[in-house]
Amino acid sequence: MNRILLTVSALVKDNLRNRFVIFWIIIFPIIITLLFGLVFGGFSSYFHVTVAVEGDYGLAKYLNSTEIFQGVTNVSLNYAVEHDYIYVKVNGNNFTIYTSKQNQEFVPVLESVIEQYYQKVNNTRDFTVLQISSYTYYYYLISGIIGIISLSNGILSTIGVSASYFRDRIIERLATSPLKSYEWVISLIIYVIIITLISTATVIILGILFGFIPIIGIEFLGFLAISTLLFGGLGAIIYGLTPKDKIFLSEIVANVLVFPLMFLSNAFFPPSVYPPIVRTFVEYQPLSVVITIIRDLIVYGVSPNPILVSIVSLLTIIFLYTGGRLLKLREIS
């Protein structure tokens, strides 16, 4: 245990002195948050506003013909709240509109569209507007950035530390020490979790300036560690399968993998805004699943889908076991 703690301490001190490492774990998340927050934070929702309609299927279908609204049915009010939909309950000539603070600016337009749809009916329509949440785009963005942190720190840091220590022949020196392979793997895992917590704390503090108030609990912190281990295990597999005489390839593969996963995810926008050809991938790729669970925990304060949590946990075990086997400290070519 002492060897693990000493190794973790050395990893933290060594890497946090590196400006390149500081950029990736602190500056990069801040830049991404500010970029999307300042560019898209002033706009409501995301190109299309989803409206869940209860009581009139025809109205939902009519909303789909507009350029701004996307009508859906068979959606509960709770589901609409969690996904920042506008919810319209139709009861004769009375319409109750439930909306978040973020989408409130679209309510007058929605009322006008509803009036157009019912223009053949001469009866007066009564609208009641209720604000059901104070969620804004910043809530969506910050929770997505936290998922990206687990991805980038998990894969890039695992590969980056392993590759740089190999090139600098530090691995050779560690191999001649009493440190065992499993102790090295555990130390690396703990280091990656520590920098993920640092990155997450930085982004949350920045998010508070935008009005983002997260729900921080043991469940969130535990899942953040699990998701980091998931991607860290994947990074270990990539590094372990790379020929050591071409170790640079592991870093290339990591970047080729991380950035498409980052931008083809639900981190910045919901899957509905993406072209149909990639929509299913965007919704169910690993990073999007992780972000969905994180949003349930720190934004909506609800229990995440147990099936999704089980899948992530199972993949984490598989990736960690496989990656740990491949990160043998004394396999020096």
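Read-outs throughout are calculated quantities, based only on the coordinates presented, and are distinct from any laboratory measurement. Being a predicted model, the structure only gives us computed values, none of them experimental. Quick reminder, even Gly has a Cβ in these numbers, built from the backbone with ideal geometry, and neighbours come from all protein chains shown.
How many lysine pairs in the chain, separated by 8 or more positions in sequence or lying on different chains, have Cα atoms less than 24 Å apart?
Taking the Cα cut-off of 24 Å, the pair count is 10.
So what's the Cα pair-distance distribution over the chain, bin width 10 Å, in %?
Percent of Cα pairs in each bin: 5, 24, 28, 19, 12, 7, 3, 1, 0.
How many nm is it between the label spots at ASP168 and ALA201, if each spot is 7 Å from the Cα in line with the beta carbon?
In this crude spin-label approximation the distance works out to 2.3 nm.
Would you mind telling me which residue in ASN266, ASN91, ASN78 has the biggest mean-square fluctuation in a Gaussian network model of the chain, where springs connect alpha carbons within a distance under 10 angstrom?
Sorting by GNM fluctuation, first place goes to ASN91.
What is the sum of charges around SER272, taking Lys and Arg as +1, Asp and Glu as -1, for the other residues whose C-beta is under 12 Å from the C-beta of SER272?
-1
Any chance you could run the full-extension gain for ARG325 through TYR182? It's 0.36 nm times the residue separation minus the Cα-Cα distance, nm to one decimal.
Here the answer is 50.6 nm.
Going by average Cβ density within 10 Å per residue, which order do the peptides 153-162, 233-242, 28-37 take, highest to lowest?
153-162, 233-242, 28-37
Quick one: what do you get for segment 159-207 if you divide its Cα Rg by 2.2 N^0.38 Å?
Cα-based Rg divided by the globular estimate yields 1.47.
How far apart, in nm, are two points set 7 Å out from the Cα along the Cα-to-Cβ line at GLU111 and at LEU35?
3.9 nm
Which of ILE27, ILE97 has the fewest other C-beta atoms within 10 Å, and how do the rest follow up to the most?
Lowest to highest Cβ neighbour count: ILE27, ILE97.
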